[in-house]
Amino acid sequence: MIERSGAGPLRRLIVLRHAKSAWPEGVADHERPLGPRGRRDAPEAGRVLAASDLLPDLALCSTAVRARHTWELASAQWGTPPPVRLDPELYAADVPELLAAVHGTPPEVETLLLVGHNPGLEELVLTLAGDGLDDALDEVRVKFPTSAIAVLAWHGTSWRALKPGTALLTSVLVPRGRK
């Protein structure tokens with residue numbers, strides 16, 4: 001359970017796995033673009049975040065083409081997208097690398113969006129969540145598919161205070177665009 005008494009403001013970490021990518025022959029993994037389903041799902045992810053009042057103050061995004069395009073299509077659904085930091089360290093990152101990026105977030109940011117890749121993102125969510133609402137933890141344990149969004153909430157005076165098992169997984173959303 002997340003601590004509340006005197007622990008600082010409510011903070012939210014929104015974890016967005018990139019949308020479905022294509023696998024064109026001869027294209028390096030880092031350069032793979034979104035596939036047709038990804039191009040439909042990424043804008044829907046942006047609409048779902050807006051409708052759920054989950055717009056971030058800052059976004060951290062992998063430099064991989066599919067992650068950047070997911071960010072661009074999702075954030076285009078908002079009036080004014082927040083600043084984004086493209087971080088090459090987020091590509092193929094594991095939990096310690098992802099947590100280091102999150103820990104470097106300025107304290108004035110209350111809602112942070114992290115756009116990246118599995119298996120790192122799924123493992124990060126499971127590592128940080130000490131508890132989950134409804135069956136959210138079970139959903140992530142079963143599968144964290146492309147375009148999945150996990151929302152973690154916790155109280156803290158800085159992002160450095162976010163430690164394993166200290167957040168509450170409040171929701172898992174899997175937006176799918178219309179064909």
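The values are calculated or read from the model by the stated rules, or taken from the named source; none is laboratory data. Remember, it's a predicted structure, so these values are computed and weren't measured experimentally. Note that each Cβ is placed from the backbone with ideal geometry, even for glycine, and that neighbours are counted across all protein chains shown.
Observations on the model:
- Of the numbered criteria (1) at pLDDT below 95; (2) among the aliphatic types (A, V, I, L, M); (3) in contact with a strand residue (DSSP E or B) (Cβ under 8 Å, 6 or more places away or on another chain), the one residue 55 fails is (1).
- Pick from the range 10-30, criterion in a loop (DSSP other than H, G, I, E, B) and buried (at least 24 other Cβ atoms within 10 Å of the Cβ), ranking: farthest from the chain's Cα centre (by Cα): 19
- Residue within the range 75-86 that is touching a helix residue (DSSP H, G or I) at 6+ places or on another chain (Cβ under 6 Å) and either surrounded by fewer than 17 Cβ atoms within 10 Å (Cβ to Cβ) or free of Cβ contacts under 8 Å to residues at least 24 places away in the same chain (or both) present: yes
- Flag if residue 93 is surrounded by 19 or more Cβ atoms within 10 Å (Cβ to Cβ), touching a strand residue (DSSP E or B) at 6+ places or on another chain (Cβ under 6 Å) and among the small types (Gly, Ala, Ser): no
- Filtered residue count, the range 127-152, keeping only those that are surrounded by fewer than 18 Cβ atoms within 10 Å (Cβ to Cβ), of a type in the set (A, V, I, L, M) and closer than 29 Å to residue 21 by Cα: 1
- Index of the failed condition, residue 125 passing every other in (1) at pLDDT 95 or above; (2) in a loop (DSSP other than H, G, I, E, B); (3) aliphatic (A, V, I, L, M): (2)
- Scanning the range 68-109 for residues that are farther than 24 Å from residue 161 by Cα and of a type in the set (D, E, K, R) gives 68, 72.
- Whichever residue in the range 111-122 is part of a strand (DSSP E or B) and of a type outside the set (A, V, I, L, M, F, W, C) and, among such residues, is nearest to the chain's Cα centre (by Cα): 116
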